[in-house]
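Colleague: Please read through the structure below; I'll follow up with questions.
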Amino acid sequence: MKNQAASLWPILTLASLLIVGAGSLHAAPTSEQWQQLNSAQIKQHILPRYQALQQTSAELEMRSKALCLAPDAEHLQQTRRAFHNTMSAWQGIQHVQFGPIEKLMRNFSMQFWPDKKNLIGKQLNSLLRAQDPETLQPDYFHRASIGVKGLPAVERLLFSSDEVTDFKGNSYKCQLNSAIASYIAANASATVREWQDFSDSIYNAGDPDSYYDDHQEAAVDMMKSLVEPVEVIRDLKILRPLGGSKAEGKERKIRAKRTESWRSERSLQNIRLNVAALHHLYSGTKSFNVKQLLANQGATQLANAIEQHFVILDQQLQAVPSPLIQQLGQGTSAEQLQQVSDELKELHQKLSTAMQPLNIQLGFNSRDGD
């Protein structure tokens with residue numbers, strides 16, 4: 001009996017250690033914590049950014065109309081600046097792919113990219129050749145292809161050349177640009193308006209009229225908006241134009257025109273804005289944020305490591321020369337972007353790991369199968 005007890009001692013000791021260890025772990029976040037986090041992210045991150053998109057797109061609509069009335073170099077520059085402001089606002093909220101932005105495929109209508117088959121170019125050229133007045137009507141854009149009614153279409157029209165003459169005489173090209181800008185502005189306004197109601201559904205998660213069964217379920221969409229876009233930035237905005245990760249001993253097959261928004265020379269700016277937006281979603285909402293929630297769950301070291309990745313990414317991106325359309329084939333720009341890609345991979349891994357102490361299952365990735 002004594003020998004039997006002695007043989008069981010290591011097992012009993014291990015069991016007691018596991019019980020003590022389990023007792024020291026933090027419980028999953030409470031419903032109240034999820035409610036607090038969701039509320040902070042809506043009020044301090046999502047709504048202000050959609051409102052910025054609404055304001056900048058209204059400016060783009062106004063400037064586009066003014067360009068047709070006074071088609072000169074100054075009005076063209078003003079319209080281009082309005083485009084840049086609108087695209088910047090969109091890049092700052094592009095990562096949120098749930099809620100009203102999904103309605104009627106507004107996300108793809110706002111920006112269809114990557115355009116691997118040059119759908120935008122083909123369809124815009126078809127419209128410009130036909131010059132059908134009916135295609136300038138608001139009703140047309142409700143049924144039109146996503147290739148001709150978003151920011152990439154406006155970019156092609158405004159930045160395809162520096163010829164102001166293309167916009168003179170209230171040309172069809174100028175009117176088409178104005179009509180697309182109006183559709184973008186209407187989309188942005190509708191999204192803001194509908195988010196007011198949708199936010200109530202999140203605030204009141206668990207109520208019979210809510211879209212969500214509980215506050216944690218609502219938080220899953222928030223967490224997807226933080227984790228999944230990291231892969232999008234890395235795979236589509238960096239590695240795709242680089243021709244993938246560089247294999248040892250092989251030359252890169254760089255395709256600079258695969259970068260996002262290359263015509264307006266803002267590809268790198270888009271990436272910087274994307275990373276900054278994710279950083280804000282992670283730790284920038286002051287009343288409560290994901291970093292604080294992780295620390296509350298006893299994952300302070302992981303929370304700080306994720307924060308440091310965001311800091312390093314900002315430093316790396318600031319060091320990359322712009323515009324990428326000119327720089328990718330020269331100097332060390334490609335290698336610098338490869339370093340950014342590697343850092344994004346590390347960030348994605350740590351963010352995915354962070355879902356464990358938060359007891360979050362992200363489930364289906366909308367990008368699976370791309």
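Colleague: Looking at (1) in contact with a Leu (Cβ under 7 Å, 6 or more places away or on another chain); (2) within 30 Å of Q175 (Cβ to Cβ), which is the one condition that is false for Q41?
Modeller: Unmet for Q41, out of (1) in contact with a Leu (Cβ under 7 Å, 6 or more places away or on another chain); (2) within 30 Å of Q175 (Cβ to Cβ): (2).
Colleague: Spot the failing condition for A58; the list is (1) of a type outside the set (D, E, K, R); (2) surrounded by fewer than 18 Cβ atoms within 10 Å (Cβ to Cβ); (3) over 14 Å from the mean Cα position of the chain (by Cα), and only one is missed.
Modeller: (2)
Yes or no, residue by residue, for (1) part of a helix (DSSP H, G or I); (2) open to solvent by 10 Å² or more (accessible area, probe 1.4 Å); (3) among the hydrophobic types (A, V, I, L, M, F, W, C):
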| site | (1), (2), (3) |
| --- | --- |
| Q175 | yes, yes, no |
| Y183 | yes, yes, no |
| N187 | yes, yes, no |
| T191 | yes, no, no |
| Q196 | yes, yes, no |
| D200 | yes, yes, no |
| D207 | no, yes, no |
| S210 | no, yes, no |
| D213 | no, yes, no |
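Colleague: Considering (1) under 16 Å from F159 (Cα atoms); (2) open to solvent by 70 Å² or more (accessible area, probe 1.4 Å), say which one L128 fails and leave the rest.
Modeller: So the condition that L128 fails would be (2).
Colleague: Suppose we keep only residues that are farther than 18 Å from R258 by Cα and open to solvent by 40 Å² or more (accessible area, probe 1.4 Å) within segment 317-339. Which one would you say is farthest from the chain's Cα centre (by Cα)?
Modeller: The selected residue is G331.
Colleague: Is it fair to say S31 is among the small types (G, A, S), at pLDDT 95 or above, closer than 28 Å to E217 by Cβ and in contact with a His (Cβ under 7 Å, 6 or more places away or on another chain)?
Modeller: yes
Colleague: Sticking with this one: What residue, of Q349, Q330, Q308, Q326, is out of contact with any helix residue (DSSP H, G or I) (no Cβ under 7 Å at 6 or more places or on another chain) and under 18 Å from Q292 (Cα atoms)? Steps first, answer last, please.
Modeller: Numbers: Q349 fails: under 18 Å from Q292 (Cα atoms); Q330 fails: under 18 Å from Q292 (Cα atoms); Q326 fails: under 18 Å from Q292 (Cα atoms).
Being out of contact with any helix residue (DSSP H, G or I) (no Cβ under 7 Å at 6 or more places or on another chain) and under 18 Å from Q292 (Cα atoms) holds for just one of Q349, Q330, Q308, Q326, which is Q308.
Colleague: Follow-up. For segment 151-203, name all the residues that are under 30 Å from A218 (Cβ atoms) and of a type in the set (G, A, S).
Modeller: Once the filter is applied, which keeps residues that are under 30 Å from A218 (Cβ atoms) and of a type in the set (G, A, S), segment 151-203 yields A185, A186, A188, S189, A190, S199, S201.
Colleague: Kindly indicate whether S57 is touching a residue at least 24 places away in the same chain (Cβ under 8 Å), of a type in the set (G, A, S) and closer than 16 Å to Y183 by Cα. Spell out the reasoning first.
Modeller: Numbers: touching a residue at least 24 places away in the same chain (Cβ under 8 Å): yes; of a type in the set (G, A, S): yes; closer than 16 Å to Y183 by Cα: yes.
Spelling it out, S57 is indeed touching a residue at least 24 places away in the same chain (Cβ under 8 Å), of a type in the set (G, A, S) and closer than 16 Å to Y183 by Cα.
Colleague: Output the residue which, of all residues in segment 245-271 that are of a type in the set (K, R) and under 15 Å from Q338 (Cα atoms), is modelled with the highest pLDDT.
Modeller: The initial filter retains those residues of segment 245-271 that are of a type in the set (K, R), namely 246, 250, 252-253, 255, 257-258, 263, 266.
Filter again for under 15 Å from Q338 (Cα atoms), leaving 246, 250, 252-253, 255.
Numbers: K246: 71, K250: 70, R252: 82, K253: 89, R255: 95.
Checked segment 245-271; the qualifying residue modelled with the highest pLDDT is R255.
Colleague: So which residues in segment 224-277 are open to solvent by 20 Å² or more (accessible area, probe 1.4 Å), touching a residue at least 24 places away in the same chain (Cβ under 8 Å) and assigned to a loop (DSSP other than H, G, I, E, B)?
Modeller: Answer for segment 224-277, where residues must be open to solvent by 20 Å² or more (accessible area, probe 1.4 Å), touching a residue at least 24 places away in the same chain (Cβ under 8 Å) and assigned to a loop (DSSP other than H, G, I, E, B): S245, K246, R252, I254, W262, R263, E265.
Colleague: Give me the residue from segment 144-163 that is assigned to a loop (DSSP other than H, G, I, E, B) and out of contact with any Ser or Thr (no Cβ under 6 Å at 6 or more places or on another chain) and, out of that set, modelled with the lowest pLDDT.
Modeller: D162
Colleague: Q77 fails exactly one of the following numbered conditions: (1) open to solvent by 50 Å² or more (accessible area, probe 1.4 Å); (2) in a helix (DSSP H, G or I); (3) in contact (Cβ under 8 Å) with a residue 24 or more places away in the chain; (4) under 29 Å from P241 (Cα atoms). What is the number of that condition?
Modeller: Evaluating Q77 over (1) open to solvent by 50 Å² or more (accessible area, probe 1.4 Å); (2) in a helix (DSSP H, G or I); (3) in contact (Cβ under 8 Å) with a residue 24 or more places away in the chain; (4) under 29 Å from P241 (Cα atoms) leaves (3) as the failure.
Colleague: Kindly provide the set of residues from segment 102-122 that are surrounded by 13 or more Cβ atoms within 10 Å (Cβ to Cβ) and more than 23 Å from A190 (Cβ to Cβ), ordered by number.
Modeller: P114, D115, L119, G121, K122
Colleague: Next question, about the same structure. Please specify each residue of segment 91-129 satisfying the condition of being free of Cβ contacts under 8 Å to residues at least 24 places away in the same chain and of a type in the set (A, V, I, L, M, F, W, C).
Modeller: L104
Colleague: Looking at segment 153-173 only, could you name the residues that are closer than 24 Å to Q91 by Cβ and open to solvent by less than 20 Å² (accessible area, probe 1.4 Å)?
Modeller: Selection gives A153, V154, E155, L157, L158.
Colleague: Give the number of residues within segment 80-122 that are of a type in the set (D, E, K, R) and assigned to a helix (DSSP H, G or I).
Modeller: 6
Colleague: If you go through segment 123-143 one residue at a time, do you hit one that is part of a helix (DSSP H, G or I), within 20 Å of E265 (Cα to Cα) and out of contact with any strand residue (DSSP E or B) (no Cβ under 6 Å at 6 or more places or on another chain)?
Modeller: The answer is no, given that none of the residues of segment 123-143 is part of a helix (DSSP H, G or I), within 20 Å of E265 (Cα to Cα) and out of contact with any strand residue (DSSP E or B) (no Cβ under 6 Å at 6 or more places or on another chain).
The values are calculated or read from the model by the stated rules, or taken from the named source; none is laboratory data. Remember, predicted model here, so these are calculated numbers, not experimental data. For neighbour counting, all protein chains shown are included, and Cβ atoms are generated from backbone atoms with ideal geometry for every residue, glycine included. Ligands, DNA and RNA are excluded from the accessible area calculation, which covers all protein heavy atoms including side chains. Shrake-Rupley method; radii C 1.70, N 1.55, O 1.52, S 1.80 Å.
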